[in-house]
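Trainee: Starting off with a structure, shown below.
The values are calculated or read from the model by the stated rules, or taken from the named source; none is laboratory data. It should be emphasised that the depicted structure is a prediction, and the values quoted were computed from it without experimental measurement. Note that we place each Cβ from the backbone using ideal geometry, even for glycine, and neighbour counts take in every protein chain shown. Keep in mind that these areas ignore ligands, DNA and RNA; they rest on the heavy atoms of the full protein, side chains included. Shrake-Rupley method; radii C 1.70, N 1.55, O 1.52, S 1.80 Å.
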Amino acid sequence: IIFYMKKLCLIFVLLTTFLNLDAQDKLSYQELLDSATVASSTNRFEKAIKFYGQVLESDPENEGNCLIWGNLGSVYERMGKTDEALDCYTKALNMQPKLIPVLEQRAGLYLDKGDKGRALLDFTSILNEKPDHEQALLGRAYLRMQQNMFPEARLDFESLLLNYPQNKHGELGMAILCQKQ
């Protein structure tokens with residue numbers, strides 16, 4: 001009986017030690033996030049992607065994951081992987097549709113890809129939340145002007161110049177609009 005008790009205690013000690021070592025090998029959500037942030041800021045993009053993925057896996061229901069998706073999209077964008085970046089931005093916005101920094105990033109990518117319709121929707125979403133958003137007003141005004149939506153473009157340029165009177169792009173856009181009309 002003593003032999004079996006010793007054996008049972010040894011198994012318990014080994015199992016407890018193994019479980020503690022395994023727990024130490026797993027990084028916390030915050031530690032993974034910190035590692036991802038450092039990797040991203042030092043342009044180690046593949047590592048950042050790996051860490052952001054682990055962050056998302058470690059706590060899939062975390063409300064902060066919308067920001068993680070946004071950060072992951074930014075990494076992909078900096079790598080030139082626009083489709084992956086758009087996918088990440090969209091996942092972030094599915095979690096929190098009014099996340100202005102992510103809407104800005106996605107609108108810019110849509111413009112780069114020539115998808116003016118989707119860019120216009122994102123600029124409009126931004127302006128629904130923040131009516132005096134400088135870049136969204138400018139972007140939407142130019143897109144509306146390109147689509148011959150002159151009265152709408154004029155309203156955006158006027159709002160832009162009312163809130164940001166020194167905006168040279170707004171002044172130029174208004175001059176071009178007047179010339180086109």
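Trainee: Specify which of the listed residues (163, 148) is surrounded by fewer than 17 Cβ atoms within 10 Å (Cβ to Cβ), in contact with an Asp or Glu (Cβ under 9 Å, 6 or more places away or on another chain) and either over 18 Å from residue 107 (Cβ atoms) or touching a residue at least 12 places away in the same chain (Cβ under 8 Å) (or both).
Mentor: Details: 148 fails: in contact with an Asp or Glu (Cβ under 9 Å, 6 or more places away or on another chain).
When all the criteria are applied, what remains is 163.
Trainee: Would a scan of region 106-118 turn up a residue that is over 8 Å from the mean Cα position of the chain (by Cα), farther than 24 Å from residue 142 by Cα and open to solvent by less than 30 Å² (accessible area, probe 1.4 Å)?
Mentor: The answer is no; no qualifying residue exists.
Trainee: Return the only residue of 23, 107, 85 being assigned to a helix (DSSP H, G or I), at pLDDT below 95 and among the small types (Gly, Ala, Ser).
Mentor: Working: 107 fails: at pLDDT below 95; 85 fails: at pLDDT below 95.
On inspection, the qualifying residue turns out to be 23.
Trainee: Are any residues in region 155-166 touching a helix residue (DSSP H, G or I) at 6+ places or on another chain (Cβ under 6 Å) and either assigned to a helix (DSSP H, G or I) or of a type in the set (S, T, N, Q) (or both), and if so, which ones?
Mentor: Residues of region 155-166 that are touching a helix residue (DSSP H, G or I) at 6+ places or on another chain (Cβ under 6 Å), as a first pass: 156-157, 159-161, 164.
Matches in region 155-166: 156, 157, 159, 160, 161.
Trainee: Okay, moving on. Out of 135, 179, I need the residue that is modelled with pLDDT under 95 and not in a loop (DSSP other than H, G, I, E, B). Which one? Can you show your working first?
Mentor: Numbers: 135 fails: modelled with pLDDT under 95.
Selected residue: 179, the only one of 135, 179 that is modelled with pLDDT under 95 and not in a loop (DSSP other than H, G, I, E, B).
Residue-by-condition table, conditions (1) at pLDDT below 95; (2) out of contact with any Gly (no Cβ under 8 Å at 6 or more places or on another chain); (3) of a type in the set (Ser, Thr, Tyr); (4) assigned to a helix (DSSP H, G or I):
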{"site": "38", "(1), (2), (3), (4)": "yes, yes, no, yes"}
{"site": "49", "(1), (2), (3), (4)": "no, yes, no, yes"}
{"site": "70", "(1), (2), (3), (4)": "no, yes, no, yes"}
{"site": "76", "(1), (2), (3), (4)": "no, yes, yes, yes"}
{"site": "90", "(1), (2), (3), (4)": "no, yes, yes, yes"}
